[in-house]
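Trainee: This is the structure I have questions about; it appears just below.
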């Protein structure tokens, strides 16, 4: 979620500052495909040149995880806290030996 918000803020700040300084959006829209091709192409090429294949594969896998979201959800943490509470309650009332059956 924060990644999407960050991308939106990035574009808003870059294009907003361009427009506030008197730039015309038509110029940006006309040159956008060529500029993106040059910028992203150079960035990807530099990344491929400077890294080994395991690093590249790891980065692509990590990028997917980045937009997928967290592995553990809120309910998982609630369940864990409930389990810890039950275990500590059992230990206090019946002793440490009572935990072995669990």
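Trainee: Can you name every residue in region 1-54 that is touching a helix residue (DSSP H, G or I) at 6+ places or on another chain (Cβ under 9 Å) and within 30 Å of residue 73 (Cβ to Cβ)?
Mentor: The answer is 3, 4.
Trainee: Looking only at region 76-87, decide whether some residue is touching a helix residue (DSSP H, G or I) at 6+ places or on another chain (Cβ under 9 Å) and free of Cβ contacts under 8 Å to residues at least 12 places away in the same chain.
Mentor: no
Trainee: Further, regarding this structure: Does residue 65 satisfy the criteria of being under 23 Å from residue 5 (Cα atoms) and in the same structural domain as residue 4 (by TED's automatic domain parsing)?
Mentor: It is true that residue 65 is under 23 Å from residue 5 (Cα atoms) and in the same structural domain as residue 4 (by TED's automatic domain parsing).
The values are calculated or read from the model by the stated rules, or taken from the named source; none is laboratory data. Treat the numbers as computed from the prediction; the structure is a model and nothing was measured. For neighbour counting, all protein chains shown are included, and Cβ atoms are generated from backbone atoms with ideal geometry for every residue, glycine included.
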